[in-house]
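Undergrad: Structure in structure tokens, see below.
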Amino acid sequence: MSEREMTATTASGDIARSPGPLKRLRRDNPQLLYGSLIVGVIVLMALCAPLLTSYDPTAQDFMSTLQGPSADHLLGTDNLGRDLWARLLYGARVDLFLATIAVVLPFVIGSTLGALCGYFGGWFDTIVMRIADIVVAFPFYVLVISLVFILGNGVSSIIIAISIVSWIAYARIIRAEAMVLSSTNFMDALHVGGLGVPRIIFRHLMPNVLSQGIVYAMSDIVANIGVIVTLSYFGLGIVPPTPDWGNMMSEGQPFFAGGIYSLMLIPAVAVIVTSYGLSMIGDGLATALRVKR
Amino acid sequence: MTRNELVAEGLSVTFPGGMQALRNVDIRVGAGEIVGLVGESGSGKSTLGRVIVGLQNSYSGALRFADEALTPRRTRPQRCAIQMVFQDPYASLDPRMTVWQLIHELMVVHRIGTGREDRRQRCEDLMRRVHLPGALLDSRPTSMSGGQRQRVAIARALAVNPRFLVADEPTAALDVSVQAGIINLFADLRQEMGLSQLFISHNLAVVRSLCDRVAVIYRGEIVEMAPTGAIFDAPQHDYTRQLLAAAPDLP
């Protein structure tokens, strides 16, 4: 009897929920909305860079170096007379693209390994987790910098270096979630149903544990931007003249002491705003993806 | 005496670490019979259920189903023939899938039914069988009550046309008010489909109303097995008497 009543109330609850999807998002999950807005605007600006500036980010103009903001140069120019607005936009392309790619690979590898570890346990789990321990035992930047040093500067080295280190976080998160799920009747019910192991892992286990990994991926993009910018700042990442927020900062550094703050501050603010937006998306996703039981 | 559906002889399970969960257990369930398995927590009753259904594959002893030996590597028909309903319907159903998806998946994997239409029809029949409105097929278990979820879990178990059902404390996680409905459903399944069942419970009142025979398990051993009336009226073993004395009197 009480079951019937439950059905009736949930049905009427669905009808009563009337406000539009955007309003609902603003009420239920403002972080996701505003985070997406911030990041969306930045991504759009990076994608539409050629439309938003007519300057070539690498074109030097020695007649107008170190200028302040003007109608010609929205954010002014650097010591080589390059337009800062153009460099900021094209730098966003490089950094955001790299940071995102450098999340996809570790995410796929890490969460698959984590799910397999959580599901199978035993020697497979032991081996993978010990490898993870060994990699983690090295200080992160020392490892990444030495890897980039060995592999050489450039995009692919950065991706490989970050991937070697950051799959571990995903593997550990997903493994823990998978183990929790394995200890309930969830897995038993699938086994008794006679479903195959690949189907159980990829169709049931992973979709139910991935949300934590996705949330972490957002903060991982933030971390990657930090890593890429740091590497570039030290001259180990994106090589000049390709614009990148990191090498913009490192090139602006000598002028910081001389009182010209904008060369360093502009890319720094870009890093901060982007990271803030991504973190908000991460928090918002954590709320949105929480699996209801 | 009915034909034997499930026979276990000399089942023993030792967990890594030396804990003996089952010691030399013999149990027999006839066709269309409901056998209750009672004992305190940790007595090994769930382990016995898991061995029978094929979730616990390291055991010694012999297991026979419908006059065929069951080995740890079961055939597909053997897997389907023995299904299980779990204690916690909040955990045992994938929260991301609708009821239709949950059941449809099993039908596809086991090649039951021909085409989408036929499977939809079968799903609706299953919903009727467990007394759920067919409209719930397209909703997720997460939006349902515990009793409804357990009915979905039972429908899912029935989807592969089992002949034997292991019910592991199927009402323990439910409100008292819906327990009776679920218990009646198990009785109906036997009545309508001749489904043999091993009903694991520590609720003696439930066992008394549902089961034909009762096995009492204590520290991994079956200490007494007799028709339900005999167990409750004239318990032979000390432990059975303790168990009966410890149970609260229910009206």
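Undergrad: Of the peptides B:84-96, A:120-132, A:268-280, how do they stack up when ordered by the mean number of other Cβ atoms within 10 Å, highest first? Don't jump to the answer; show the numbers that get you there.
TA: Details: B:84-96: 22.4, A:120-132: 13.5, A:268-280: 18.4.
The most tightly packed comes first, giving B:84-96, A:268-280, A:120-132.
Undergrad: On alpha-carbon atoms, Rg over Rh for region A:44-162 using Kirkwood Rh?
TA: Answer for region A:44-162: 1.20.
Undergrad: With the cut-off at 1.5 for a/c, could you classify region B:46-179 from its C-alpha gyration tensor as rounded, prolate or oblate?
TA: oblate
Undergrad: Scan around residue B:166 for amide H atoms under 5 Å from its own, H built in the peptide plane at 1.01 Å from N, and keep only partners 5 or more places away or cross-chain.
TA: Close amide H contacts, sequence-distant or interchain: B:83, B:84, B:85, B:198.
Undergrad: To continue, here is another question. Please sort A:282-290, A:221-229 by packing, taking for each peptide the average over its residues of neighbouring beta carbons within 10 angstrom, highest first.
TA: On the way: A:282-290: 17.1, A:221-229: 23.1.
Highest to lowest by the protection proxy: A:221-229, A:282-290.
Undergrad: Let me ask you something else. Net charge near residue A:35, counting Lys/Arg +1 and Asp/Glu -1 over other residues with Cβ under 13 Å of its Cβ?
TA: Computed value for this residue: 0.
Undergrad: Working from the pairwise distances between different alpha carbons, so that the mean of 1/r is found and then inverted, what is region B:107-154's Kirkwood radius in Å? If you can, show how the numbers build up before the last one.
TA: Values: mean 1/r = 0.0878 Å⁻¹.
When all Cα pairs of region B:107-154 are included, the Kirkwood radius is 11.4 Å.
Undergrad: Please say if chain A is rounded, prolate or oblate, where rounded means a/c under 1.5 for a ≥ b ≥ c the square roots of the C-alpha gyration tensor eigenvalues, and otherwise the choice is prolate for a/b larger than b/c and oblate otherwise? Show your work: numbers first, answer last.
TA: On the way: a/c = 3.47, a/b = 1.58, b/c = 2.20.
It is oblate, given that a/c is not under 1.5 and a/b is not larger than b/c.
Undergrad: Sticking with this one: So what are the ³J(HN,Hα) numbers for region A:60-75, from phi and the Karplus equation (6.51, -1.76, 1.60; θ = phi - 60°), rounded to whole Hz, Gly and Pro as x?
TA: Whole-Hz 3J(HN,Hα) from phi for region A:60-75: 8, 9, 6, 7, 9, 9, 6, 8, x, x, 8, 5, 5, 10, 3, 10.
Undergrad: Taking each residue in A:200-208, count the Cβ atoms of any other chain within 10 Å of its Cβ, then average. What number comes out?
TA: 2
Undergrad: Given the peptides B:141-148, A:42-49, arrange them by the average over their residues of other C-beta atoms within 10 Å, most packed first.
TA: B:141-148, A:42-49
Undergrad: Got the relative contact order for region A:164-278 handy, in percent, Cα pairs under 8 Å and 6 or more residues apart? Spell out each step's value before the answer.
TA: On the way: 81 pairs, mean separation 21.1, N = 115.
Once divided by the residue count of region A:164-278, the mean separation gives 18 percent.
Undergrad: Give, in nm to one decimal, the length gained when the segment between residue A:123 and residue A:100 is fully stretched (0.36 nm per residue of separation minus the Cα-Cα distance).
TA: Extra length available between residue A:123 and residue A:100 comes to 5.0 nm.
Undergrad: Oh, and also: Could you derive backbone 3J(HN,Hα) for region A:28-41 from the dihedral phi with the Karplus parameters 6.51, -1.76 and 1.60 (θ = phi - 60°), listing whole Hz in sequence and x where the residue is Gly or Pro?
TA: Running phi through 6.51 cos²θ - 1.76 cosθ + 1.60 with θ = phi - 60° gives 8, 8, x, 4, 4, 5, 6, x, 5, 4, 4, 5, x, 4 Hz.
Undergrad: With all pairs of different alpha carbon atoms counted, what Kirkwood hydrodynamic radius in Å does region B:113-188 show?
TA: 13.1 Å
Undergrad: Further, regarding this structure: State, as an integer percentage, the relative contact order of chain A based on alpha-carbon contacts under 8 Å between residues 6 or more apart.
TA: Across chain A, relative contact order equals 25 percent.
Undergrad: Over the alpha-carbon set of region A:212-284, work out the extent along each principal axis and list the three values in angstrom, largest first.
TA: 45, 23, 16
Undergrad: If you don't mind, another one. Taking only the alpha carbons of region A:142-293, what extent do you get along each of the three principal axes, in Å, biggest first?
TA: That works out to 71, 35, 21 Å along the principal axes.
Undergrad: For the protein assembly as shown, take the alpha-carbon Rg, divide it by the Kirkwood Rh, and send me Rg/Rh.
TA: Radius of gyration relative to Kirkwood radius: 1.14.
Undergrad: Just need the relative contact order of chain B here, percent rounded to a whole number, with Cα pairs under 8 Å and 6+ apart.
TA: Reported relative contact order: 27 percent.
Undergrad: Please give the helix A:84-120 orientation as an angle from the longest Cα principal axis of chain A, in degrees from 0 to 90, rounded to the nearest 10.
TA: Long axis of A:84-120 versus the principal axis of chain A: about 30 degrees.
Undergrad: Of the beta bridges DSSP finds with both residues in chain B, what % are antiparallel, to the nearest 5? Could you put the intermediate results ahead of the total?
TA: Numbers: 20 of 38 bridges.
Percentage antiparallel, nearest 5: 55.
Undergrad: A follow-up question, please. Report, as an integer, the average count of C-beta atoms from other chains found within 10 Å of each Cβ along B:84-95.
TA: Average neighbour count from other chains, rounded to a whole number: 5.
Undergrad: For the protein assembly as shown, what is the percent of antiparallel DSSP beta bridges, rounded to the nearest 5?
TA: Beta bridges within the protein assembly as shown, antiparallel portion: roughly 55 percent.
Undergrad: When chain B is treated as a GNM, springs tying every alpha-carbon pair under 10 Å, which of B:69, B:135, B:187 comes out with the largest mean-square fluctuation?
TA: Maximum among the listed residues: B:135.
Undergrad: Name the long-range amide H neighbours of residue B:195: under 5 Å, sequence gap of 5 or more, or other chain; modelled H, no Pro or chain starts.
TA: Residues meeting the criterion, in which the H sits 1.01 Å from N, are B:190.
Undergrad: Near the amide H of residue B:139, under 5 Å away, which other amide H atoms are found, from residues 5 or more places off or on another chain, if H is placed in the peptide plane?
TA: Placed amide hydrogens put B:99, B:100 under 5 Å from residue B:139.
Undergrad: Given +1 on the Cβ of Lys and Arg, -1 on the Cβ of Asp and Glu, and no further charges, what dipole in debye does chain A carry about its Cα centre, rounded to the nearest 20?
TA: Values: 17 positive and 18 negative charges, 192 e Å.
Using Cβ point charges on Lys, Arg, Asp and Glu, chain A gives about 920 debye.
Undergrad: Same structure, new question: Averaging over every viewing direction, what projected area does the convex hull of the Cα atoms of chain B cover, in nm²? Let's see the in-between values first.
TA: Details: hull surface 55.6 nm².
Mean projected area for chain B: 13.9 nm², to one decimal.
All of the numbers you see were taken from the coordinates with simple rules; none came from a lab. The model shown is predicted, which means the values in this text are computed figures rather than measured ones. Methodologically, a virtual Cβ is constructed for each residue, glycine included, from the backbone with ideal geometry; neighbour enumeration extends over all protein chains shown.
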